[in-house]
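Just passing along the structure, written as structure tokens.
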Amino acid sequence: MTIAIKVENLERVYGSGEQQVRALKKVSMQVMAGQFMAIKGRSGSGKTTLLNCLGGLDKPSAGSIEIFGSELTRLNDDQLTKWRREKVGFIFQSFGLLPTLSAYENVELMLRINGVPFRQRGERIEHCLGLVGLEKWATHRPYEMSGGQQQRLAIARAIVTKPQLILADEPTGELDTETAGIILELFQNIVANEKMTIFASTHDSLVDDYVDGVLQLHDGAIQVA
């Protein structure tokens, strides 16, 4: 099996001296391609910091991160930007949708950023909106949708560029239990049918029934069972 994520002795330190905060402490882990994995921990345990490092949004203080063979610490800023656009999809707890754009336009924006020609966008956008059950909401704006619909739109936007890896930060944090279950089932479907790997941070115990495995993060360190 292909290794999707390989992390060795990852550390992230903020500040210096007495103000120093060690957000991540020698984190080592592996996630295989085609898995839906979760990392759990209390608020402040370092989950978001870890996801930001995995997505190239934050630079580790020490250690290595390899995503599908790409060693992130060896990439410069321009290379990281290109890598993120082509290889990673991000899903945030706050959805991060643009309120003035329709559902279709929110998804299309990612293809425009990646330079996909206009004639090639439509079919892919319609496929992704259909996959998340929003084909009838294509012309609606985010404020006209429920929280669950907004999260499904955020998922469609994340997968439209066909990334290898989806990073989801508390994707069910703002949702009720029933809607959260729908989102988690959708993640399972994406892994199975879109051939993507999903790594999600969460404190939601509901995910245990849907993921291939769970890692525990405590005070910045992977907790060994």
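If amide hydrogens are placed 1.01 Å from N in the peptide plane, which non-local residues have theirs closer than 5 Å to the one on A138?
Result for A138 returns nothing.
Using a Gaussian network model on the chain with a 10 Å cutoff between Cα atoms, which of F90, F199, F118 fluctuates the most?
F118
What is the list of residues in the stretch 55-69 whose amide nitrogen lies under 15 Å from a point 7 angstrom out from the Cα of E8, following Cα to Cβ?
Under 15 Å, as judged by backbone N against the label point of E8, lie 62-69 of the stretch 55-69.
For the stretch 30-113, state the average projected area of the convex hull of the C-alpha atoms over all orientations, rounded to one decimal in nm².
Dividing the Cα hull surface by four gives the mean projection, 7.2 nm².
List the trypsin sites (Lys or Arg not before Pro) within the stretch 141-222 that DSSP assigns to loop and that have no more than 15 neighbouring Cβ atoms inside 10 Å.
Loop-located and lightly packed - K195.
Return the percentage of antiparallel bridges among DSSP beta bridges fully within the stretch 3-222, rounded to the nearest 5 %. Walk me through the numbers before you get to the answer.
Details: 17 of 35 bridges.
For the stretch 3-222, the DSSP antiparallel bridge percentage is about 50.
For S61, which sequence-distant residues (separation of 5 or more, or a different chain) have an amide H within less than 5 Å of its own amide H, given hydrogens modelled in the peptide plane?
HN-HN under 5 Å from S61: E11, R12, V13.
With charges set only on the Cβ (+1 for Lys and Arg, -1 for Asp and Glu), what does the dipole of the stretch 119-196 come to about its Cα centre, in debye to the nearest 20? Each step should come with its number before you reach the end.
On the way: 9 positive and 11 negative charges, 111 e Å.
The dipole of the stretch 119-196 has a size of about 540 debye.
Place a +1 charge on the Cβ of each Lys and Arg in the chain and a -1 charge on the Cβ of each Asp and Glu, then give the dipole magnitude about the Cα centre in debye, rounded to the nearest 20.
On the way: 24 positive and 27 negative charges, 137 e Å.
Result for the chain is approximately 660 debye, rounded to the nearest 20.
Under the 0.36 nm per residue contour assumption, what length would be gained going from the current alpha-carbon distance of A192 and E135 to full extension?
Here the answer is 18.4 nm.
Please name which of F187, M29, T202 has its Cα lying farthest along the dipole of the chain towards the positive end, using unit charges on Cβ (Lys, Arg +1; Asp, Glu -1) and the Cα centre as origin.
Result: M29.
Can you run phi through the Karplus equation (6.51, -1.76, 1.60; θ = phi - 60°) for the stretch 174-180 and list ³J(HN,Hα) in whole Hz, with x for Gly and Pro?
9, 10, 6, 4, 5, 5, 4
All of the numbers you see were taken from the coordinates with simple rules; none came from a lab. These numbers come from a predicted model, not from an experiment. Don't worry about glycine lacking a Cβ; one is built from the backbone with ideal geometry, like all the others, and counts go over all protein chains shown.
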